[in-house]
Amino acid sequence: MKLYYTTTSPFARKVLAVVHESGLLDKIELAPMTPSLSAPDPRLTASNPLGKIPTLVRDDGPAIYDSRVITRYLDHIAGGTLYPEARIWDVLTLEATADGAIEAAVLMIYEARVRAPEMVSEEWVEAQSAKAMRSVQAVNDRWMGHLAGPLDAGQIAIGCALGYLDFRFDDRGWRNSCPDLSRWYEGFAARPSMLATVPKV
Ligand SMILES: N[C@@H](CCC(=O)N[C@@H](CS)C(=O)NCC(=O)O)C(=O)O
């Protein structure tokens, strides 16, 4: 199998963290891509018409995406427990919350990167920021019990969302109103899978 990824993509980081946690590193060829919004690499679009990172090219079937499909597939082939049946709706909702926060943060970066400064809508940027911050706050206020439980895909997704906020939006200070989540993240960020996948420009 081959994974198309970039070292800055938080969605790819989620997948890479699952690769590490599932012991699949020696089964996957890592294929780094240069990030591009307007001219995706033809190798990527040949596998994923959306031209998005991450994409997993399988040896025995069509390529798969998006990140949530890939993480679930990897957990399945590893015979893992990142999507436990007994807590599946909680895990999926937590992962969706993290992915939504990541998506909002990524859109803020795109707005700055793609638009001429006079075309940037500050109102829209702040609305995206509010989505990310509300998500993080909700996890701090309602999900700490879940985060204290056994490792699952929802926790990995939240770890990658917080890592991305630190990487791109440190100045927005998500920790200020999220002391419990901040304490949890301190421990989670020290996991070998998280240390091995820290975003790099
Ligand atoms: N929902 C997708 C989102 C993937 C995504 O937006 N990836 C970004 C990189 S962080 C990308 O490939 N952007 C290029 C584009 O949108 O054309 C997932 O979970 O995999």
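The values are calculated or read from the model by the stated rules, or taken from the named source; none is laboratory data. On a predicted model such as this, the values are computed, not experimentally measured, just so you know. Methodologically, a virtual Cβ is constructed for each residue, glycine included, from the backbone with ideal geometry; neighbour enumeration extends over all protein chains shown. Accessible surface areas use protein heavy atoms only, side chains included; no ligands, DNA or RNA. Shrake-Rupley method; radii C 1.70, N 1.55, O 1.52, S 1.80 Å.
Note on the stretch 62-81: residues that are away from the ligand (no atom under 11 Å from the Cβ), at negative phi, open to solvent by 30 Å² or more (accessible area, probe 1.4 Å) and outside any helix (DSSP H, G or I) total 3.
Checking each residue in the stretch 14-52 for being of a type in the set (D, E, K, R) and more than 23 Å from Gly79 (Cβ to Cβ) picks out Asp41, Arg43, Lys52. Note on the stretch 3-32: among residues that are open to solvent by 30 Å² or more (accessible area, probe 1.4 Å) and assigned to a helix (DSSP H, G or I), the one that is nearest to the ligand (Cβ to nearest atom) is Phe11. Restricting the stretch 82-99 to residues that are under 13 Å from the mean Cα position of the chain (by Cα) and buried (at least 16 other Cβ atoms within 10 Å of the Cβ), the residue that is nearest to the ligand (Cβ to nearest atom) is Asp99. In the stretch 40-55, which residue that is β-branched (Val, Ile, Thr) and buried (at least 23 other Cβ atoms within 10 Å of the Cβ) is farthest from the ligand (Cβ to nearest atom)? Only one residue tops the list, namely Thr55. Of the candidates Leu56, Leu3, Leu24, Leu74, the single residue that is in contact (Cβ under 8 Å) with a residue 40 or more places away in the chain and touching a Lys or Arg at 6+ places or on another chain (Cβ under 8 Å) is Leu56. Only one of the listed residues (Val125, Val114, Val120) is of a type outside the set (S, T, N, Q) and within 20 Å of Trp174 (Cα to Cα). That residue is Val125. Given the condition assigned to a helix (DSSP H, G or I) and under 26 Å from Tyr110 (Cα atoms), answer yes or no: does some residue in the stretch 186-193 qualify? Scanning the stretch 186-193 turns up no residue that is assigned to a helix (DSSP H, G or I) and under 26 Å from Tyr110 (Cα atoms). Among the criteria (1) at pLDDT 95 or above; (2) open to solvent by 40 Å² or more (accessible area, probe 1.4 Å); (3) within 10 Å of the ligand (Cβ to nearest atom); (4) not basic (Lys, Arg), the one Leu37 does not fulfil is (1). Looking at the stretch 84-99, I want the residues that are of a type in the set (Ser, Thr, Tyr) and have a partner that is open to solvent by less than 40 Å² (accessible area, probe 1.4 Å) with Cβ atoms under 7 Å, at least 6 apart or on another chain. Which pairs are those? Listed by first residue and then by second, the contacts come to Thr97/Ser135; Thr97/Ala138; Thr97/Val139.
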